[in-house]
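Below is one structure, written out as structure tokens; the observations come after it.
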Protein chains: 2
Amino acid sequence: MREHDGGATMAPGRVGDVRRRNLALVLGSIGPESLATRADIAASTGLTKASVSSLVSELLETGLVAEVGLTRAGERGRPGVGLALDAQRGALGAEVNVDYLAVGVVDLHGALRFHEVAEAVNRGREPEAVVAELSRLVGRCVSAAADAGVTLLGGGLAVPGLVDPSRGVVLSAPNLGWRDADLSAALAELVPEAPFGVVLSNEADSAALAELWYGHGAALGSYLYVSGEVGVGGGLVMGSELFAGPGGHAGEVGHVVVEPTGSQCSCGGRGCLETVAGQEAILAAAGITNGGSTTAARMAALQAALEAGDAQAISAVERAGHYLGIAVVSAARLIDLSAVVLGGHFAALATWIRPALLASLRSFAPGAVASDAVAFSELGTTAALRGAAGAAVRRALAAPYALLG
Amino acid sequence: MREHDGGATMAPGRVGDVRRRNLALVLGSIGPESLATRADIAASTGLTKASVSSLVSELLETGLVAEVGLTRAGERGRPGVGLALDAQRGALGAEVNVDYLAVGVVDLHGALRFHEVAEAVNRGREPEAVVAELSRLVGRCVSAAADAGVTLLGGGLAVPGLVDPSRGVVLSAPNLGWRDADLSAALAELVPEAPFGVVLSNEADSAALAELWYGHGAALGSYLYVSGEVGVGGGLVMGSELFAGPGGHAGEVGHVVVEPTGSQCSCGGRGCLETVAGQEAILAAAGITNGGSTTAARMAALQAALEAGDAQAISAVERAGHYLGIAVVSAARLIDLSAVVLGGHFAALATWIRPALLASLRSFAPGAVASDAVAFSELGTTAALRGAAGAAVRRALAAPYALLG
DNA sequence: AGAATTAGTATGTGTTCTGAACTATATGGG
DNA sequence: CCCATATAGTTCAGAACACATACTAATTCT
């Protein structure tokens with residue numbers, strides 16, 4: 001995520017680096033379906049037509065780019081050849097979460113081509129068993145893609161925990177009960193022929209990026225994504241890039257202190273956001289204590305109570321919105337953010353939580369976060385898989401030279 | 001500070017960029033007095049001896065680097081020629097604060113060669129008048145440097161407010177009463193012959209960087225710097241770089257919400273850290289309400305009361321430490337930081353505030369911030385000027401090619 | 001049909017890194 | 001004292017690449 005370096009340990013620049021950079025630059029200026037011509041690219045990048053010509057011919061070799069007929073009919077002069085990213089190339093996205101598995105394929109145009117979401121009870125289940133079930137889902141998706149002629153370049157797997165992407169290890173996923181789970185072998189087998197491999201990521205981070213690329217984030221640019229799953233997680237997107245922090249934990253808004261006199265949190269601290277806005281906390285405050293059924297069922301019951309106008313349910317959700325506002329204000333001040341996107345159960349509760357959240361923001365930091373900078377995710381259970389797949393797509397687009405001899 | 005870009009608006013890479021990068025790379029591996037030889041540099045950077053030779057000869061031309069005798073006497077083989085940054089080159093640093101002006105010169109070895117701090121009452125004073133007084137101080141410092149044979153490459157001016165460095169404008173400095181003050185002309189005249197010019201910066205950001213380069217920060221790498229001046233400001237250093245945020249406000253820890261039921265803040269919000277840990281808040285809680293004297297005098301009175309064991313004073317400072325801990329925890333969680341450096345009045349109160357802060361950290365986030373990751377600044381009133389000068393030095397070292405034909 | 005206009009390609013030049021050969025300067029052993 | 005050995009630094013040919021210029025290609029306007 002970051003390329004900071006003392007300076008002395010930086011890699012030396014070689015002449016060939018220039019070409020790598022320019023390949024990515026040209027590729028970046030070929031939008032999904034912009035139908036840019038070589039001449040357009042030369043104008044927009046500042047490269048000469050000669051250089052663009054040579055760069056484009058290499059990009060065509062990689063298969064990432066395709067020539068798509070002529071452009072500009074009716075005007076004077078020779079028409080240019082339209083160039084576009086090849087929609088028949090894509091990446092796999094997958095998510096393991098506490099109560100479902102999800103897989104899908106996103107193509108270079110950003111379209112979700114195939115996907116499947118399967119309910120599952122993964123809490124406390126062995127990584128091997130979960131991965132085996134995931135592999136079956138992935139297999140179906142991969143063959144569907146192959147049948148449609150879509151070639152997969154790479155992939156991403158999002159999990160609700162802290163990961164080490166370089167080693168392919170889930171360091172800890174409390175809600176799954178995983179610790180130091182080495183998935184590197186399994187990742188390598190998911191899409192064996194993909195040149196860029198399958199990379200692990202954090203679920204909240206991936207969902208935050210999905211929002212950037214395929215949701216509300218594009219308009220916002222920099223924002224805090226808050227994911228209300230079993231815990232309250234989050235991801236930080238700044239300047240259209242994910243900010244993971246020095247140790248990869250950044251965006252963990254669930255353990256911001258919002259109530260100094262509040263109750264003990266599972267993290268060992270006190271008054272954390274999660275203790276007042278986590279699923280369990282909201283359900284308890286709403287009086288929905290039917291412990292036997294699943295969390296999903298109880299959330300549905302909450303929804304029903306809200307729609308019926310149940311006062312206790314409404315005040316429970318409003319309380320969560322109030323405290324969410326405090327956490328968002330702290331984030332806005334510390335990191336200079338001015339927008340939020342809410343996902344997971346917060347998105348489902350949008351109607352009831354939004355007014356309370358806005359009131360809280362106005363009260364604690366008038367002007368810091370405008371009301372039109374509070375968005376609710378519409379990506380549902382496909383958010384993390386789209387983000388993971390999207391990240392794989394970006395990796396490929398950033399390193400087209402890896403596909404050349 | 002950031003070089004993010006959509007991709008399409010990036011500048012094209014040219015062959016010459018490689019040399020620029022490698023010039024900076026080689027320069028970066030010539031430590032202050034490391035006495036590296038060309039061969040050492042080749043080994044540490046990965047460049048060939050031939051390239052290093054050519055790059056070094058250009059760096060010698062810029063004057064940033066000097067050959068300093070031979071190295072490695074007593075061993076076999078031809079001894080190498082030692083290379084070091086020329087300590088006779090430096091940069092000007094200056095600070096305008098509410099109650100003082102400070103200027104100084106930092107050389108390429110990081111030493112503070114000359115400096116002067118003058119008390120002043122700048123609150124509400126016109127920018128022109130303040131700058132005129134500052135210019136006199138700078139003039140003395142510049143001639144002292146010239147007399148000692150030190151050449152100035154650039155400079156930095158830190159102010160307690162939000163700045164636009166590219167235009168040389170102080171957008172707003174509430175504690176000075178400045179708004180949209182255009183200092184660009186004045187900045188250009190401060191050190192007319194300096195090739196890199198004089199650049200505006202925020203006081204807290206500069207102090208945070210001074211801590212990184214010349215204080216506790218080097219050992220920490222990533223940390224939150226909290227500056228207790230008239231207000232409570234801060235700067236965020238991550239991966240040995242300042243993080244300014246999308247709009248340049250990042251690190252503003254003074255307006256993190258630490259007491260949801262707390263009192264109104266001047267920012268329009270409620271329960272901000274500044275309302276319980278700002279100078280005025282601490283003095284009021286300590287019962288030091290002698291409004292006639294200066295803030296500095298009242299802070300001295302507070303110090304005396306603390307040393308005398310005054311219970312009200314002690315509990316006022318402990319309260320500030322408690323709330324400071326809450327803000328630090330929120331920052332630690334959101335941005336994944338694990339260290340803090342405290343400056344300004346917090347540094348002066350270190351003895352009394354430290355235990356309360358540590359207790360608060362333990363209570364709200366055990367393990368997030370270790371007790372040896374809480375440091376107190378020792379740079380005093382030279383912090384911001386050293387940071388501003390240091391930033392100017394880095395700018396020069398990052399762009400040595402600007403000094404060539 | 002020919003002029004004008006725009007797209008894209010071919011060719012020569014300058015910059016810069018690399019690798020290998022070479023020169024320079026020290027130590028240590030016979 | 002001289003030569004082998006080791007290390008530092010320079011010189012020179014070769015390859016990669018972007019650039020500038022000149023060229024060919026394809027279309028519309030008159």
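The values are calculated or read from the model by the stated rules, or taken from the named source; none is laboratory data. Predicted, not measured: the structure shown is a model, and the values here were computed from it. Backbone-built Cβ (ideal geometry, glycine too); neighbour counts: all protein chains shown. These accessible areas exclude ligands, DNA and RNA; they are computed on the full protein's heavy atoms, side chains included. Shrake-Rupley method; radii C 1.70, N 1.55, O 1.52, S 1.80 Å.
Mind counting the residues in the range A:44-56 that are near DNA strand C (Cβ under 10 Å from one of its atoms), among the hydrophobic types (A, V, I, L, M, F, W, C) and touching a residue at least 12 places away in the same chain (Cβ under 8 Å)? So the count comes out to 3. Across the range A:328-350, the qualifying residues are those that are within 8 Å of another protein chain (Cβ to nearest Cβ) and on the phi < 0 side of the Ramachandran plot, and the one among them that is most open to solvent (accessible area, probe 1.4 Å) is A:Ser338. Just one of the numbered conditions (1) touching a helix residue (DSSP H, G or I) at 6+ places or on another chain (Cβ under 8 Å); (2) surrounded by fewer than 20 Cβ atoms within 10 Å (Cβ to Cβ) is not true of B:Arg395: (1).
When we screen A:Ser263, A:Ser293, A:Ser240 for residues that are facing chain B (nearest Cβ under 7 Å) and among the small types (Gly, Ala, Ser), the only hit is A:Ser240.
Annotation note: Cβ proximity below 6 Å between a residue of the range A:152-172 that is within 18 Å of A:Leu209 (Cα to Cα) and a residue that is among the aromatic types (Phe, Trp, Tyr) (sequence gap 6+ or interchain) occurs for A:Gly154/A:Phe196.
The set of residues in the range B:329-349 that are outside any loop (DSSP other than H, G, I, E, B) and more than 21 Å from B:Leu379 (Cα to Cα) comprises B:Val329, B:Ser330, B:Ala331, B:Ala332, B:Arg333, B:Leu334, B:Ile335.
Of the set (1) away from chain B (no Cβ under 12 Å); (2) in a strand (DSSP E or B); (3) without any contact (Cβ under 8 Å) to a residue 40 or more places away in the chain, all apply to A:Gly235 but (1). If you filter the range B:57-85 down to residues that are hydrophobic (A, V, I, L, M, F, W, C) and within 11 Å of DNA strand C (Cβ to nearest atom), you find that the one that is most open to solvent (accessible area, probe 1.4 Å) is B:Leu70. Scanning the range A:352-370 for residues that are in contact (Cβ under 8 Å) with a residue 40 or more places away in the chain and not aliphatic (A, V, I, L, M) yields a count of 1.
Got at least one residue in the range A:11-20 being without any contact (Cβ under 8 Å) to a residue 24 or more places away in the chain, assigned to a helix (DSSP H, G or I) and open to solvent by 50 Å² or more (accessible area, probe 1.4 Å)?
Checked against the condition, which is being without any contact (Cβ under 8 Å) to a residue 24 or more places away in the chain, assigned to a helix (DSSP H, G or I) and open to solvent by 50 Å² or more (accessible area, probe 1.4 Å), the range A:11-20 yields at least one hit.
I want to confirm something. Restricting to the range B:316-327 and keeping residues that are away from every other protein chain (no Cβ under 13 Å) and of a type outside the set (Gly, Ala, Ser), which single residue is least open to solvent (accessible area, probe 1.4 Å)? Here the answer is B:Val317. Against the numbered list (1) open to solvent by less than 60 Å² (accessible area, probe 1.4 Å); (2) within 30 Å of the chain's Cα centre (by Cα); (3) within 14 Å of chain B (Cβ to nearest Cβ); (4) not aromatic (Phe, Trp, Tyr), A:Val52 comes up short only at (2). For B:Gly271, the conditions (1) open to solvent by less than 20 Å² (accessible area, probe 1.4 Å); (2) out of contact with any strand residue (DSSP E or B) (no Cβ under 9 Å at 6 or more places or on another chain); (3) at the interface with chain A (Cβ under 8 Å from one of its Cβ atoms) are fulfilled apart from (2).
When the range B:371-405 is filtered for residues that are of a type in the set (Val, Ile, Thr) and not in a helix (DSSP H, G or I), only B:Val374 remains.
Scoring A:Ala313 on the criteria (1) without any contact (Cβ under 8 Å) to a residue 60 or more places away in the chain; (2) closer than 30 Å to A:Glu58 by Cα; (3) crowded, with 24+ Cβ neighbours inside 10 Å leaves a single failure, condition (2). The residue that is most open to solvent (accessible area, probe 1.4 Å), among those in the range B:358-369 that are in contact with a strand residue (DSSP E or B) (Cβ under 8 Å, 6 or more places away or on another chain) and within 14 Å of chain A (Cβ to nearest Cβ), is B:Ser363. Across the range A:241-259, which residue is most open to solvent (accessible area, probe 1.4 Å) among those that are assigned to a loop (DSSP other than H, G, I, E, B) and in contact with a Phe, Trp or Tyr (Cβ under 9 Å, 6 or more places away or on another chain)? Only one residue fits best here, namely A:Glu259. The number of residues in the range A:23-36 that are within 14 Å of DNA strand C (Cβ to nearest atom) and crowded, with 21+ Cβ neighbours inside 10 Å comes to 4. Of the helices (runs of 4 or more DSSP H) lying entirely inside the range B:169-230, the ones with 3 or more residues being modelled with pLDDT of 95 or more and buried (at least 23 other Cβ atoms within 10 Å of the Cβ) are found at B:203-214.
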